[in-house]
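The values are calculated or read from the model by the stated rules, or taken from the named source; none is laboratory data. Please read these numbers as outputs of a predicted model, since none were measured by experiment. Reconstructed Cβ throughout: ideal geometry from the backbone, glycine too, with neighbour counts over all protein chains shown.
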Amino acid sequence: MNTVITNRRRLRRTFVLGAACAALSTAFLSTNATAQARVVTVHLAAQPLGKALEALARQSGTDILFTPAAVAGMTAPALNGTMAPQVAVERLITGTRLSVRREPNGALLVSGAAISTTPQTIATDTPEADAAEIVVTGYASSLTTALAQKRKATNVIDVVKAEDIGKFPAQNIAEALQRVPGVSIVRDRGEGVFVRIRGLGAQFQVVTLNDRSVAVNENVRDSGQSGRQFRFDTLPSELMSAVEVIKSPRASLDEGGIGGTINLRTFRPLDLKKPVLSLSATASSPRLADTVDPRLSGMASWASPDGTFGALIAGVYDERTTRQDRITGVGWADGKIDTDGNGSLDSATILIPTAIRPTLERENRDRIGLNGAMQWKPDDRFELNVDGLWSRL
């Protein structure tokens, strides 16, 4: 039986590694080609060049690097239309001594082009330290996004974004939520399983996925129907883009969450705004179990150049081996013991443990999670989402 289980796990590892390598080679090539051909809609008025470059970075979602000294005193013309971000920058700096080039990480670097080999001395009142200042304009941080969602909400809510989840070694969503104020978790053999909000047990929470109710799955281990709590160890943290902890009721929420509501949000391709390929591989080695547990995850997302259609697929596979040494079935009875080693029970009556049963428990867990999504948004008034999440523990 052990040989069959081992062979199955080896086949799963081989399949996941092969799929990850194929996705890496295919998505990497398509990502580079799409990044070069991506076009955006630009609406810029005539303004100082520095302000124009910052506005272009926000509209295109592209990092544009430049120094204030390089664009000082320059004015950019009005620019409207659909074009690649690099083409837009080239049009803004037309007629100046500046040039633009794309860095390997996709950022656009605007710098001065040398046109004379004769050294020149220019008098300036600006301190030399200002020349070393670099302005980086790019994506807003996950913290800013989470705070914006809290400000817009009409009730008490905490938001954890995917960037924050990835900063900590969270095995599942429960472990990622334990850092939210007012939230604690219940662990089972070292891994977070249930979530408590404001001191109320897991059976007082409602869990939704993309604002839709999810089935209760608390009978994973022994089919014990002890409540309606949701086991978060079935959901890998890599499949979630954000988790909302809603601590106060709202008319649009499903009823029943006395403690609160936990809304899980999966990734959407148009929310990422550009092609994305993410692969991760880690391993752990429990000392008692004396084995190596792999953890593989990957996500590939594509969006059309006009930002109206996108598709995404993500997957996670990990193994977890636990070993627990303990003594069970202990009873107590009145008795005597030999205190001097002469073979006679010469002590006073004391409590003696009986029915002692040393136990060694070993558990092997294989967790597989898949997430797919397609999104179509032809305009601001219509949006169609088709998504699915499958997980097995």
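Here is how the numbers come out for the structure above:
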item: Hits in segment 70-89 - residues which are buried (at least 16 other Cβ atoms within 10 Å of the Cβ) and farther than 20 Å from Lys273 by Cα; result: Ala70, Val71, Met74, Ala76, Leu79
item: Inter-residue pairs, beta-carbon under 6 Å, first under 20 Å from Gln171 (Cα atoms) and in segment 285-314, second among the basic types (Lys, Arg), 6+ apart; result: Leu288/Arg323; Ala289/Arg323; Asp293/Arg320
item: Candidate set from segment 368-393 (those that are surrounded by fewer than 11 Cβ atoms within 10 Å (Cβ to Cβ) and over 20 Å from the mean Cα position of the chain (by Cα)); member that is farthest from Gly307 (Cα to Cα); result: Val386
item: Hey, Gly95 surrounded by fewer than 16 Cβ atoms within 10 Å (Cβ to Cβ), in contact with a strand residue (DSSP E or B) (Cβ under 7 Å, 6 or more places away or on another chain) and modelled with pLDDT of 85 or more or not; result: no
item: Strands (runs of 3 or more DSSP E) wholly inside segment 246-362 that include at least 3 residues being closer than 24 Å to Leu209 by Cα and in contact with a Lys or Arg (Cβ under 8 Å, 6 or more places away or on another chain); result: 309-328
item: Test: residue in segment 225-238 that is in contact with a helix residue (DSSP H, G or I) (Cβ under 7 Å, 6 or more places away or on another chain), closer than 30 Å to Ser301 by Cβ and at pLDDT 85 or above; result: no
item: Unique match (being modelled with pLDDT of 85 or more and farther than 20 Å from Met240 by Cβ) among Thr349, Thr354, Thr322; result: Thr349
item: Residue within segment 249-268 that is among the polar types (S, T, N, Q) and surrounded by fewer than 18 Cβ atoms within 10 Å (Cβ to Cβ) present; result: yes
